[in-house]
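**Q** What follows is a single structure, and I will ask about it in a moment.
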Amino acid sequence: MDTNEFFAPMRAPADDSTVPADTSGGDGAAVNGALSAPDTKLVAAKSERFPVWVDLHSPSAEEIKEIETRFGIEIPTREEMQEIELSSRLYEEDGALFMTVSVLTQATTDAPQTTAVTFILVKKTLITVRYADPVPFKTFVRRVKRSPALANSAEAVLFGLLEQIVDRLADVMEQTAADLENLSNLVFISRDDRNTDQDHRETLRQIGRTGNLSGKAKDSLLNLHRLGLFLSTQARLKKDAKARLKILSRDIVSITEHANFIANKVTFLLDATLGMISLEQNNIIKIFSVAAAAFLPPTLIASIYGMNFEFMPELGWEYGYPVAIGLMVLSAVLPLLYFKRKGWL
């Protein structure tokens with residue numbers, strides 16, 4: 001478990017009655033304070049301030065109970081966060097906004113996953129509950145530590161996290177499109193350009209992984225789109241927050257269209273790869289069929305002369321054996337030449 005608290009930057013008051021900022025953060029806490037000037041070191045005491053962001057990463061029951069008592073809310077359980085109905089993911093309760101979305105994680109592995117993350121906007125604090133550590137959260141925490149002004153309000157943190165999630169999905173879709181382009185070149189490569197036999201099993205595995213990744217990304221985008229619609233109905237959002245929400249919604253729509261394109265290309269490449277496998281199997285079967293047809297006449301000749309009837313003039317003929325061998329070779333070569341002339345070989 002890892003619980004971090006982030007505080008908004010504060011300017012030191014004009015008088016000298018301030019208390020030095022507490023930047024220790026306590027157990028597992030990260031406190032960010034901003035200064036009004038490079039040499040100013042005085043801010044309000046931590047005990048007199050409310051954090052703009054409380055990040056609960058795999059919280060224990062005691063931590064959840066403490067946050068519920070502190071903010072007067074009821075945090076959804078991990079099972080409730082997994083529910084897919086809209087009323088369980090986006091709702092308002094006692095003046096607090098509860099928003100649960102699926103966030104893509106482990107995108108660079110062979111088994112990408114989505115994890116449920118709950119955003120709770122209560123008064124002037126954003127509370128996030130998660131049981132995984134997606135890349136957007138790591139990136140945003142690093143950015144906040146470098147630039148504390150990014151966390152000057154709960155709404156700023158919320159939209160900063162959402163924008164980071166969307167940026168991560170955009171990067172994943174760009175990389176997925178590049179991987180599909182390489183797979184496309186591999187599937188449709190000319191036979192003359194192949195150094196070795198193509199392993200279609202590996203190609204199918206890569207196409208399956210790409211399709212799985214794009215499907216989970218689309219699921220995350222769908223959740224973000226619904227969250228955007230939910231936030232657009234909230235009158236508590238300020239003008240600048242609504243402007244950021246509008247830009248975010250446009251980005252989500254554009255990335256969703258790109259994800260649909262990738263899904264269609266995955267289907268096309270899958271069909272093409274299966275078609276290539278069928279063609280190669282047909283070529284193998286054709287070779288066996290031609291071989292069987294070519295060796296049928298020699299087999300017939302050998303069968304006739306293998307009867308050993310008493311009255312067969314060739315049995316006593318001096319040149320009977322080489323003539324029979326020659327007939328068998330000729331009967332095998334002539335069909336092969338005919339098949340080659342027809343382009344069947």
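**Q** Just a yes or no: is a residue in region 129-143 modelled with pLDDT of 90 or more, more than 26 Å from E80 (Cβ to Cβ) and in contact with a helix residue (DSSP H, G or I) (Cβ under 9 Å, 6 or more places away or on another chain)?
**A** Within region 129-143 (the criterion being modelled with pLDDT of 90 or more, more than 26 Å from E80 (Cβ to Cβ) and in contact with a helix residue (DSSP H, G or I) (Cβ under 9 Å, 6 or more places away or on another chain)), the answer is yes, since at least one residue qualifies.
**Q** Note down all Cβ pairs under 9 Å where the first residue falls in region 128-145 and is over 18 Å from S220 (Cα atoms), the second is in a loop (DSSP other than H, G, I, E, B), and they're at least six residues apart or on different chains.
**A** Hits for this filter: V141/A30; V144/A30; V144/N32; K145/A30; K145/N32.
**Q** Out of (1) part of a helix (DSSP H, G or I); (2) without any contact (Cβ under 8 Å) to a residue 12 or more places away in the chain; (3) not small (G, A, S), what's the single condition that is false for M307?
**A** Among (1) part of a helix (DSSP H, G or I); (2) without any contact (Cβ under 8 Å) to a residue 12 or more places away in the chain; (3) not small (G, A, S), M307 violates only (1).
**Q** Identify the residue in region 275-287 that is within 20 Å of G208 (Cα to Cα) and without any contact (Cβ under 8 Å) to a residue 24 or more places away in the chain and, among all such residues, is most open to solvent (accessible area, probe 1.4 Å).
**A** Residue satisfying both the conditions and the ranking: S278.
**Q** Further, regarding this structure: If you take the residues in region 156-183 that are within 15 Å of P136 (Cα to Cα) and charged (D, E, K, R), which one is farthest from the chain's Cα centre (by Cα)?
**A** Across region 156-183, the extreme among qualifying residues is E163.
**Q** Please count how many residues of region 198-237 are acidic (D, E) and either assigned to a helix (DSSP H, G or I) or touching a Lys or Arg at 6+ places or on another chain (Cβ under 8 Å) (or both).
**A** 2
**Q** May I pose another question? Give me the pairs, please: first residue somewhere in region 73-90 and farther than 16 Å from P59 by Cα, second residue anywhere and open to solvent by 70 Å² or more (accessible area, probe 1.4 Å) and assigned to a helix (DSSP H, G or I), beta-carbon distance under 7 Å, and either six or more positions apart or on two chains.
**A** Note: pairs meeting the criteria are L86/R226; S88/E80; L90/R226.
**Q** Sticking with this structure for a sec: With the structure loaded, tell me whether L150 is over 28 Å from E257 (Cβ atoms) and in contact with an Asp or Glu (Cβ under 8 Å, 6 or more places away or on another chain) or whether it fails that test.
**A** no
**Q** Does N283 satisfy being over 30 Å from L150 (Cβ atoms) and either of a type in the set (S, T, N, Q) or out of contact with any helix residue (DSSP H, G or I) (no Cβ under 7 Å at 6 or more places or on another chain) (or both)?
**A** Taking the combined requirement at face value, the residue satisfies it.
**Q** If you take the residues of region 316-331 that are of a type in the set (S, T, Y) and assigned to a helix (DSSP H, G or I), which of them is most open to solvent (accessible area, probe 1.4 Å)?
**A** Result: Y321.
**Q** Tell me yes or no: at least one residue of region 238-248 is free of Cβ contacts under 8 Å to residues at least 40 places away in the same chain, in a helix (DSSP H, G or I) and touching a Gly at 6+ places or on another chain (Cβ under 8 Å).
**A** The answer is no; no qualifying residue exists.
**Q** T273: more than 30 Å from G160 (Cβ to Cβ), in a helix (DSSP H, G or I) and of a type outside the set (A, V, I, L, M, F, W, C), yes or no?
**A** Against the criterion (more than 30 Å from G160 (Cβ to Cβ), in a helix (DSSP H, G or I) and of a type outside the set (A, V, I, L, M, F, W, C)), T273 qualifies.
**Q** Could you identify the single residue in I255, I247 that is of a type in the set (A, V, I, L, M, F, W, C), modelled with pLDDT of 90 or more and buried (at least 17 other Cβ atoms within 10 Å of the Cβ)?
**A** Criteria check complete, one pass: I255.
**Q** Among (1) over 26 Å from the mean Cα position of the chain (by Cα); (2) hydroxyl-bearing (S, T, Y); (3) under 27 Å from E174 (Cβ atoms), which single condition is S153 missing?
**A** Just one mismatch for S153, condition (3).
The values are calculated or read from the model by the stated rules, or taken from the named source; none is laboratory data. Bear in mind that the values here come from a model prediction, so they are computed numbers and not experimental data. Cβ coordinates were reconstructed from backbone atoms using ideal geometry, including for glycine residues, and neighbour counts include every protein chain displayed. We work out accessible area using only protein heavy atoms, side chains counted, and drop any ligands, DNA or RNA first. Shrake-Rupley method; radii C 1.70, N 1.55, O 1.52, S 1.80 Å.
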